[in-house]
1. Full-extension gain between E189 and R357, please, as 0.36 nm times their residue separation minus the C-alpha to C-alpha distance.
2. Run the dipole for the chain about the Cα centre, Lys and Arg Cβ at +1, Asp and Glu Cβ at -1, nothing else charged, and hand back the magnitude in debye, nearest 20.
3. Where only protein heavy atoms count, and the probe is 1.4 Å, what is the accessible area per residue for the range 24-82 in Å²?
4. Given a Förster distance of 35 angstrom, what is the FRET efficiency for E105 paired with E33, based on the Cβ-Cβ distance and rounded to 0.05?
5. Could you tell me which GluC sites (Glu not before Pro) in the range 225-277 are loop residues by DSSP with no more than 13 other beta carbons within 10 angstrom of their beta carbon?
6. Go through G263, V231, A241 and say which Cα lies farthest out towards the positive end of the charge dipole of the range 229-268; charges sit on Cβ, +1 for Lys and Arg, -1 for Asp and Glu.
7. If eta is 0.692 mPa s and T is 37 °C, what Stokes-Einstein diffusion coefficient results for the chain, Kirkwood Rh from Cα pairs, in µm²/s?
8. For the ranges 46-52, 296-302, what's the packing order if you count other beta-carbon atoms within 10 Å of each residue, average per peptide, and put the highest first?
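The values are calculated or read from the model by the stated rules, or taken from the named source; none is laboratory data. Since we're looking at a predicted model, the values are computed, not measured. As a convention, Cβ positions derive from the backbone with ideal geometry for all residues, glycine included, and neighbour counts pool all protein chains shown. Note: areas computed on protein heavy atoms with side chains; ligands, DNA, RNA excluded. Shrake-Rupley method; radii C 1.70, N 1.55, O 1.52, S 1.80 Å.
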Amino acid sequence: MPSFEEYCAEIAPLWESRWLTNCGTIHNHLVDELKAYLGVENLTLFTNGHTALEILLQSMELEGEVITTPFTFASTTHAIVRSGLTPVFCDIREDNYTIDPTKIEALITDKTCAIVPVHVYGNVCDVDAIQEIADKHNLKVIYDAAHVFGVKKNGVPVGCFGDASMFSFHATKVFHTIEGGAVTCRDAELIEKMGQFRNFGLDSEDAQIAGTNAKMNEFAAAMGICNLRHVDEEIAKRKAAAERYLERLDGVEGLELWHPDEGVQPNYAYFPVLVDPKAFCATRDDVFDVLAAQNITARKYFYPLTSDFSCYRGRFDAGNTPIARHAAANILCLPMYAGLSVEDVDRVCDAVLSCKR
Ligand SMILES: *Cc1c(COP(=O)(O)O)cnc(C)c1O
């Protein structure tokens, strides 16, 4: 969070203007600042990332099947289903947990309309291979970019890949507006349409779309303005924590640690560790329990696979995704935030290493 004083200074003018929502001054200022920071031409803000993804899918008027991965947060799959589309689950890459492009083409049918990959943990998908497949089969590519705020691949900002990307500005993310989200996309007309969609579909008096209400308010936007001033500092602090984790845990038998991919400028959003129960002689769940007993909150993230959710049982084919299943069963995300001290990282590492038998 910014300091109390910094936030108060940002919201003080609202007591004069009384303009609290509906694309006010602070909202519009944040749009400009985010376009510059994310290096994109088109961007719209929403109340949260999930609604942004739903509105995006619905504004693109897609129909049929969408190829996606089950190793993600509930939101990705729910947004597809709630937009009347059928998720078709593809497996992930073992090295960075994003969609495995070599397994996409086998899943394409005459009903496939889009690919919805997820940039998991701030790791960037194989955007070139995905685009090549999409171009060959005339499919849309929509990225769940909730984890990759500020990330670049070979100097290209992530929001520039595919047809569109959804970012989440939830309080738990690298950059936040308390709750909030955005879509970046190539097509300026689509931005216009989503702007109407999030405001009841209204275009002055008439509604051409049966829209919804998903406008970001001024108080949320003000939090974003403040946080954006400090985000580079925050990422640098996360980097220091990640480097300490790597120093302490890299090379430990039975632990596979997160490493930045070649050519990627990361944001250190998460610090996932894959626990090999045989080599480490303890399971992911054992480690989770030992940490919990010491008041250290790690997360089984993502677990379970979204394709295993009760609400989808018997409704969609869970697909054959053994690598995603292995990741969901064995990955633990260790504490990671800008205020995490080296001493605290050491305490977490000591607790993790105490599990090894
Ligand atoms: C956080 C998150 C979302 C949803 O974003 P909200 O802003 O919380 O609605 C979607 N996908 C992924 C991968 C996320 O981590």
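1. Answer, rounded to one decimal: 54.6 nm.
2. With only Lys, Arg, Asp and Glu charged at Cβ, the dipole is about 720 debye.
3. On a per-residue basis, 34 Å².
4. It comes to 0.30.
5. When the GluC sites (Glu not before Pro) of the range 225-277 are filtered for loop state and at most 13 Cβ neighbours within 10 Å, E253, E262 remain.
6. The Cα lying farthest towards the positive end belongs to V231.
7. The calculation lands on 155 µm²/s.
8. Order by mean packing, descending: 46-52, 296-302.
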